[in-house]
1. Could you go through the stretch B:94-104 and let me know if any residue there is away from chain A (no Cβ under 11 Å), out of contact with any helix residue (DSSP H, G or I) (no Cβ under 8 Å at 6 or more places or on another chain) and assigned to a strand (DSSP E or B).
2. Those residues that are small (Gly, Ala, Ser) and either within 21 Å of the chain's Cα centre (by Cα) or more than 7 Å from chain B (Cβ to nearest Cβ) (or both), I need them from the stretch A:1-51; list them, please.
3. Please go through the stretch A:109-131 and give me each residue that is assigned to a helix (DSSP H, G or I), buried (at least 17 other Cβ atoms within 10 Å of the Cβ) and in contact (Cβ under 8 Å) with a residue 40 or more places away in the chain, ordered by number.
4. Give B:166, B:155 a once-over and let me know the one that is more than 8 Å from chain A (Cβ to nearest Cβ) and not polar (S, T, N, Q).
5. Identify all residues within the stretch B:153-182 that are in a strand (DSSP E or B) and in contact with a Ser or Thr (Cβ under 8 Å, 6 or more places away or on another chain); write none if there are none.
6. Within the stretch B:49-61, identify whether any single residue is assigned by TED's automatic domain parsing to the domain that holds residue B:182 and under 30 Å from residue B:175 (Cβ atoms), and answer yes or no.
7. With respect to the numbered conditions (1) within 12 Å of chain A (Cβ to nearest Cβ); (2) touching a residue at least 60 places away in the same chain (Cβ under 8 Å), which one is the sole condition not fulfilled by residue B:112?
8. Residue A:158: surrounded by fewer than 23 Cβ atoms within 10 Å (Cβ to Cβ) and within 11 Å of another protein chain (Cβ to nearest Cβ), yes or no?
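The values are calculated or read from the model by the stated rules, or taken from the named source; none is laboratory data. It should be emphasised that the depicted structure is a prediction, and the values quoted were computed from it without experimental measurement. Here Cβ is always computed from backbone atoms with ideal geometry, including for glycine, and neighbour counts include all displayed protein chains.
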Amino acid sequence: MNPKKIILCPECDLLLEMSSVEEGEKLLCPRCGAILGAPVKDSVEKVLALTSAGLLIYVPAIFLPLLTFDAAGIESSGSIADSFLALINTHFYFTGLMVFLTAILIPLVKLVMLFIVAASLYTGRSSRKTAVLFRLYHHLDEWGMLEVYMIGILVTIIKMLHMAHVNYDVGFYCFIGLLAATLGSAALMDKKLFWDEIDKQALAREQKEGILPCRRPEPNNGPPALSTQGRP
Amino acid sequence: MNNRQNDIACNVGQGPVTGKEAGLMICHYCHKVVSCHDYDEATICPRCCATVHTRKPGSITYTWALVLTSLILLFPANLLPIMQVDYLGSQEYSTIMDGIIYFFKEGSYGIGIVILTASVLVPVFKIAGIMLILLSIHFRWKTWLRHKTMMFRFIEFIGRWSMLDIFVIALLTVLVNFGFFSTISAASAATYFCGVVISTMLAAITFDTRLIWDTCIPPNREEE
């Protein structure tokens, strides 16, 4: 273990020395307060379990009817997939596309990606592709909006409570399950541990194959060498 | 903020204070520290293959462009009708504000406040907040750095919640479909509103918080 591991704060670029942190504690940047680490116990296993559960429940949650509104004997029900199709059918293509991406496609892609990453770390078979996949997960992270959709469902229910009788269908409960799995996997994912694990497995793989381990950047404590270069 | 200063990573002795001065940069995605030999030149992260920059290139320009775009889109999004209700053959259009006023009149203040926050206050706060941060970088205001970073973190967090109204309308379109009796569909403002959400979210992504802290170089050691 490197005794003086140098890190940089991703939000204010402060040069810091990494210190040990216990589970349940948070490591904060002393200057800007960014969270630099929040270890979770058995993070890989927990994420693997939650993403598998999420993937199992994904199809019923998206395609089964969520609610049935009953107004004077006329019933109408729909699923999340229907809400996207309804926008397309009424020619709101851009809005429909946004709903499709944020509520249907990206949540699925995120779950699949996280599942593959957690599974390959769990079995010790992570590769360069795992690292790229995990990076892409961070790209997509805030574009999956299942929890916003959940509040949307609640607002819809409250809005229609006076006008129609509301029946909760199977899809509604499946959606709650999917939401819990997605939120849980994101909350229990220890980013730092995942990256360290990817590093560790890459190093082990390289040593096994007889290739030199990748050079770690040494902290440069001397005068900054960057300004002397001169910019073109 | 309740930070446990003693357990926290502490500033390295007498050496340089920021990564930029030390000739180091951090991968924005996997947070790996990479040394930069040539100032401002991008390298590939050895761990996750992302392009690593000392600062996000063109950050200020992109963020200004996206914030101004969302500011322009905010007007049609709020002034045009976002929902069309056909009730017994008569058409009725309502804007975002109409929907909120409806809830307050009905007496459901809780839900009214949720929608007011998500669809009106959040976009306005985001645009105003990002513009304030950009102006403070432009004029090199060296105060409230920590608070500005915290505000930006909050802006980043709340960004996605503006989609709430769009999801509600999408659901109402499907679920309130009682033929001639009553149907609901989206109206023109929905597209503009989506545009506001996307451009403010992208503005938060293109902005580099480290630029806030660059105003205090050479850094003041008594800062903490």
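1. no
2. A:20, A:24, A:34, A:37, A:38, A:43, A:49
3. Here is the first cut: in the stretch A:109-131, the residues assigned to a helix (DSSP H, G or I) are A:109-122, A:128-131.
If we keep only those that are buried (at least 17 other Cβ atoms within 10 Å of the Cβ) too, we end up with A:110-111, A:113-121, A:130-131.
Listed by number, the residues that qualify are A:110, A:111, A:114, A:115, A:117, A:118, A:119, A:121, A:130, A:131.
4. After ruling out the rest, the residue left standing is B:155.
5. First, the residues of the stretch B:153-182 that are in a strand (DSSP E or B): B:177, B:182.
Hit for the stretch B:153-182 is B:177, nothing else.
6. No, the stretch B:49-61 contains no residue that is assigned by TED's automatic domain parsing to the domain that holds residue B:182 and under 30 Å from residue B:175 (Cβ atoms).
7. Result: residue B:112 fails condition (2) only.
8. So residue A:158 fits the description; yes.
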